[in-house]
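Values in this text are rule-based calculations from the coordinates and carry no lab data. The model shown is predicted, which means the values in this text are computed figures rather than measured ones. Every residue, glycine as well, gets a Cβ built from its backbone with ideal geometry; the counts of neighbours run over all protein chains shown.
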Amino acid sequence: MTIQDNHLPTKELQALDAAHHMHPFTDRKGLNEKGVRVITRADGVYLWDSEGNKLLDGMAGLWCVNIGYGRRELADVASRQMMQLPYYNTFFQTSHPPAIMLAQKLAELAPGALNHVFFSGSGSETNDTNIRMVRHYWASLGKPEKKVIIARKNGYHGSTMAAASLGGMAFMHAQGGLPIPDITHIGQPYWYGEGGDLSPQEFGLQQAKLLEQEIDRLGEDKVAAFIAEPVQGAGGVIVPPDSYWPEIQRICDEREILLIADEVITGFGRTGNWFGSQTFNIRPDIMTTAKGMSSGYMPIGASILSDEVAGVLSEKGGEFAHGYTYSGHPVSSAVALENLRILEEENIIKTVGVETGPYLKQKWQTLADHPLVGDARICGMMAAIELSPDKANRAAFAGDAGAAGFICREICFANGLVMRSVGDAMIISPPLVINKSEIDELMELAVKSLDQTAKALTQEGLLKAA
Ligand code: PXG
């Protein structure tokens with residue numbers, strides 16, 4: 001019997017899950033009444049659930065399985081590394097080959113002067129590290145008062161106390177007493193939802209200038225850094241207008257603050273280049289990375305620092321009193337290295353950039369012609385559509401925000417497609433290895449699901465503008 005078949009019947013698994021398993025970002029009561037969906041195996045771009053249903057995974061897990069499921073090379077590397085050295089730490093003046101080789105490889109792949117790597121176990125931990133690190137950086141330069149970090153509303157940077165504080169999700173701040181002190185939030189470059197009568201380019205420029213205004217409001221001598229995702233992921237695949245990043249970069253160049261690009265989603269090929277910073281011509285001082293570094297096969301994250309930042313910390317910072325048991329975990333590091341080798345040697349990112357990305361883009365943009373779709377946007381292998389009851393006016397639905405998106409998501413699942421909803425936007429972020437015929441299949445399932453969603457919304461009287 002193979003592992004995938006060796007499980008209890010679905011009903012029993014659901015009952016045990018309801019009894020003992022508390023899920024992230026889940027209303028437990030609602031879930032337990034309905035019964036959880038149990039995923040049991042995966043291969044390529046497909047998942048199978050415990051009932052044998054096959055699903056096309058339009059989300060690459062949680063934006064992370066960049067090389068697709070089922071790559072034996074990664075399993076073999078993990079197995080060999082576990083026998084050789086399953087664990088050792090990187091504290092107390094020790095190191096090990098996997099962490100050393102991965103740090104070197106990341107320094108080679110990361111653009112510009114980003115040559116120094118601090119490991120963690122996740123994106124959230126990496127952003128916690130970043131907060132402490134940038135504050136320690138300025139303190140080391142004799143400016144301990146430079147500690148405010150400017151972030152953005154509707155940004156997502158993780159779930160720990162500090163990372164969720166950087167994030168600009170009001171519903172997260174509402175639980176647990178967030179944000180922590182000395183973090184502020186400016187508006188986002190979300191033209192479809194907030195651009196009003198401005199053109200996308202005008203709006204992008206206006207939203208970028210908010211950074212300059214916020215620095216002036218706080219005083220430049222109080223600001224440590226600005227953090228942003230090159231393309232917002234969890235916030236709804238918000239691709240900024242072309243005018244946005246050049247203006248942000250200008251402000252960061254002119255002002256004495258550090259720029260942190262949170263590349264947890266956009267890193268490792270998602271936008272068609274190794275990093276989103278390359279796609280948008282951003283020159284960060286620090287990059288946050290995780291997810292695609294190991295294609296999600298093992299947990300790992302890293303801050304990648306510029307020569308300048310690492311130089312100050314090394315020369316003037318003394319001991320940085322920070323680190324995780326699993327910083328540079330040998331098995332995670334070895335698996336990440338193998339994942340990067342595959343991404344590189346199989347030209348997976350180049351293929352996204354010049355072939356499958358443009359192919360998906362051309363198809364995805366046709367969704368804007370669908371009567372239910374107010375906007376279709378895409379960057380590499382991350383894309384969104386906005387559902388709207390009145391697309392000409394970019395109108396929101398009259399009923400509860402997110403109700404239409406939720407209905408569409410359930411219909412997609414029933415049709416064998418994992419497409420997420422963020423409010424009433426539908427988003428995809430498929431494995432980077434998705435090929436053209438799988439893209440065709442994804443598009444067919446998406447259109448079919450949209451047609452059924454339009455029908456369901458009409459029947460339930462929800463197709464009304466706010
Ligand atoms: N930064 C960004 C940009 C992310 O997208 C994190 C940091 C935190 O990473 P960890 O590894 O701590 O989860 C993320 C994570 C969603 C969703 O619903 C997105 C993420 C995580 C969970 C759910 O889209 N992104």
Return the Rg/Rh value of the stretch 73-345, two decimal places, where both radii are evaluated on C-alpha atoms and Rh is the Kirkwood radius.
0.97
Quick check: convex hull over the Cα atoms of the stretch 335-452, volume per residue in Å³, rounded to an integer?
108 Å³
Would you mind getting me the FRET efficiency between A174 and A395? Use the beta-carbon distance for r and R0 = 22 Å, nearest 0.05.
0.25
Among the listed pairs K209/K361; K11/K436; K209/K316; K153/K291; K361/K448; K391/K455, those beyond 25 Å (Cα-Cα)
K209/K361; K11/K436; K209/K316
Just going by the charge dipole of the stretch 73-345, with Lys and Arg at +1 and Asp and Glu at -1 on Cβ, which of N273, P241, G177 is farthest out on the positive end?
G177
Quick check for me: using +1 on Lys/Arg Cβ and -1 on Asp/Glu Cβ, what's the dipole size of the stretch 1-150 about its Cα centre, in debye to the nearest 20?
540 debye
Given H placed on each backbone N at 1.01 Å, which residues far from R420 in sequence or on other chains put an amide H within less than 5 Å of it?
I427
Could you tell me how many cubic angstrom of Cα convex hull volume the chain has per residue?
152 Å³
Rounding to the nearest 20 debye, state how big the charge dipole of the chain is about its Cα centre with +1 on each Lys and Arg Cβ and -1 on each Asp and Glu Cβ.
480 debye
Per DSSP H run of n ≥ 4, the term is -39500 (n - 2.57); total these for the chain, divide by its residue number, and report the mean residue ellipticity at 222 nm rounded to 500 deg cm²/dmol.
-12000 deg cm²/dmol
